[in-house]
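Here is the structure we will look at, set down as structure tokens.
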Amino acid sequence: MMQFRAIAQRGKAHTMNNRSKKKGAFTLIELLVVVLILAILTAVALPLYLSSVKDSEKKTCQTNMQTIANAVQAYKVRERAATYPTITDVSSEVGSGNLLEDLNFAPQCPENATNTYTVTPVGDGFKVTCTDANHGRWENGAIIQP
């Protein structure tokens, strides 16, 4: 009986040694599965991310148009002008002491810095537009989507 126990314990020790010597490496299949899962997640998430970036750029541009509209209205009230001004490039009027001195900065379209904002009188009101027509326009108190 004693001999059997000793052999059984020696077998356990031998098995334990084999387990402790085994390295904890990943197999090639496991790595490929992980890479495949990451590729699928990226393929799903990337279009959503890009569309949210486009939406935020559009919203920022519309906010810039609202800011410009507020400055144009302030100009009309301050100067007691009969009509709203025509401005071909808003950035040329910012901080110049001219039409849009109420703006502290020249708003830039976040999608493309070369896009410009224009102010055009329309009937009794005016409209503010960005060079990129996809951003809509501000007209008579509201953003009008394209």
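The values are calculated or read from the model by the stated rules, or taken from the named source; none is laboratory data. Since the structure is predicted, the reported quantities are computational estimates derived from the model, not experimental observations. Counting neighbours? That spans all protein chains shown, and the Cβs are built from the backbone with ideal geometry, glycine included.
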Requested in this report: Return yes when VAL72 is assigned to a strand (DSSP E or B) and either under 24 Å from the mean Cα position of the chain (by Cα) or surrounded by 14 or more Cβ atoms within 10 Å (Cβ to Cβ) (or both) and no when it is not.
Outcome: no
Query raised in the report: Mind checking which residues of segment 116-146 are aliphatic (A, V, I, L, M), within 16 Å of THR83 (Cα to Cα) and either without any contact (Cβ under 8 Å) to a residue 40 or more places away in the chain or loosely packed, with under 13 Cβ neighbours inside 10 Å (or both)?
Result: VAL122
Report summary line: CYS109 meets each of (1) in contact with a Pro (Cβ under 9 Å, 6 or more places away or on another chain); (2) within 17 Å of THR88 (Cα to Cα) with one exception, condition (1)
Report task. Filter segment 1-54 down to residues that are closer than 30 Å to GLU111 by Cα and β-branched (Val, Ile, Thr) and give me whichever is modelled with the lowest pLDDT. Result -> VAL53
Query raised in the report: Can you spot a residue in segment 89-102 that is in contact with a strand residue (DSSP E or B) (Cβ under 7 Å, 6 or more places away or on another chain), in a strand (DSSP E or B) and surrounded by 12 or more Cβ atoms within 10 Å (Cβ to Cβ)?
Result: yes
